[in-house]
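The values are calculated or read from the model by the stated rules, or taken from the named source; none is laboratory data. All values reported here derive from a predicted model rather than from experimental measurement. In this analysis, Cβ positions are derived from the backbone assuming ideal geometry, glycine residues included, and neighbour counts consider all displayed protein chains.
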């Protein structure tokens, strides 16, 4: 676990225009000084991320929000009060401190306060905002441990802060808060039900939005193995058929199957708890890659609570990939 000297060293790397991998409660982020356009641009270069894809600015507390955005509607203020620090990102009008490099050229900016002691200590020591998408190559599985970051990015990162395994395991919920009626742009660690309980009215989760935000690419969060989604009752049959056809099949076995034997190369027993499933999701995908699977068969959980975010990530992981 990172100590005070590590945090001071990481803050120094940020001040010098370098990149730091930092733990959050969701996934590990690849951070840069949010006010340094050159440093922000390096994030895109290291990740291989298209420059039109916005980044999230991480700040140290809700009281700093007005320093980074033009205006804060009452609903946005209410959500920040209830869910920060935590896995909620608010999209608001960009303030002058935020360079267009961090917003993909948009006049909106995504902002959040992470709920992790190491991340908050770094933000305090640094004294500014940190742009930080997930610390992995663009489109691949997000990292939930420091070792995941080192394995994927290696020496491209100036310093890796180790904060242990991430507690939530999937990225933050992104809410468009530019108007009085918020909209969920990406489901994540704060559930729709929790948001609606605070706001007192239902929220939409549109299939697409005019506002670009992280995680909207058709293929995202994807392992090397191809991911196929089927109905829960068809998982075993689909996996065994693919194995017979010569694939090295990895299976996400639904909790309802209770440890049934499957003729496949590797089997992951999906937890019955959605919180445990979210926490382990990216680790499961990485594990099946490491075990040499070329095909992963999975099903979608019920899309309520954290199941909505898990289903979103699995759909992106199974999305169409670019061919060369």
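Points worth noting:
- Any hit, the stretch 17-35, residues being farther than 19 Å from residue 7 by Cβ and assigned to a helix (DSSP H, G or I): no
- Within the stretch 38-58, the set of residues being assigned to a loop (DSSP other than H, G, I, E, B) and over 16 Å from the mean Cα position of the chain (by Cα) comprises 48, 50, 51, 52.
- Qualifying residue in the stretch 159-169 (condition: at pLDDT below 95 and surrounded by fewer than 20 Cβ atoms within 10 Å (Cβ to Cβ)): no
- Residues within the stretch 86-100 that are in contact (Cβ under 8 Å) with a residue 40 or more places away in the chain and either within 30 Å of residue 193 (Cα to Cα) or buried (at least 21 other Cβ atoms within 10 Å of the Cβ) (or both), tallied: 9
- Considering residues of the stretch 142-151 that are buried (at least 24 other Cβ atoms within 10 Å of the Cβ) and touching a strand residue (DSSP E or B) at 6+ places or on another chain (Cβ under 7 Å) only, the residue farthest from residue 184 (Cα to Cα): 149
- Test for residue 154: is it surrounded by fewer than 22 Cβ atoms within 10 Å (Cβ to Cβ), out of contact with any helix residue (DSSP H, G or I) (no Cβ under 7 Å at 6 or more places or on another chain) and under 14 Å from residue 43 (Cβ atoms): no
- Assessment of the stretch 81-93 against the conditions (over 17 Å from residue 123 (Cβ atoms), in a loop (DSSP other than H, G, I, E, B) and either at pLDDT 95 or above or under 21 Å from the mean Cα position of the chain (by Cα) (or both)) yields no matching residue.
- Counted as qualifying within the stretch 214-324 are the helices (runs of 4 or more DSSP H) with 2 or more residues that are out of contact with any helix residue (DSSP H, G or I) (no Cβ under 6 Å at 6 or more places or on another chain), under 30 Å from residue 52 (Cβ atoms) and modelled with pLDDT of 95 or more, namely 274-290, 307-317.
- One residue from 291, 315 being more than 19 Å from residue 144 (Cα to Cα) and in contact (Cβ under 8 Å) with a residue 40 or more places away in the chain: 315
- Against the numbered list (1) assigned to a loop (DSSP other than H, G, I, E, B); (2) without any contact (Cβ under 8 Å) to a residue 24 or more places away in the chain, residue 147 comes up short only at (1).
- Residues in the stretch 170-201 that are in contact with a helix residue (DSSP H, G or I) (Cβ under 9 Å, 6 or more places away or on another chain) and in a strand (DSSP E or B) were compared, and the one that is surrounded by the fewest Cβ atoms within 10 Å (Cβ to Cβ) is 184.
- Condition broken by residue 138, with the remaining ones in (1) touching a helix residue (DSSP H, G or I) at 6+ places or on another chain (Cβ under 6 Å); (2) buried (at least 18 other Cβ atoms within 10 Å of the Cβ) satisfied: (2)
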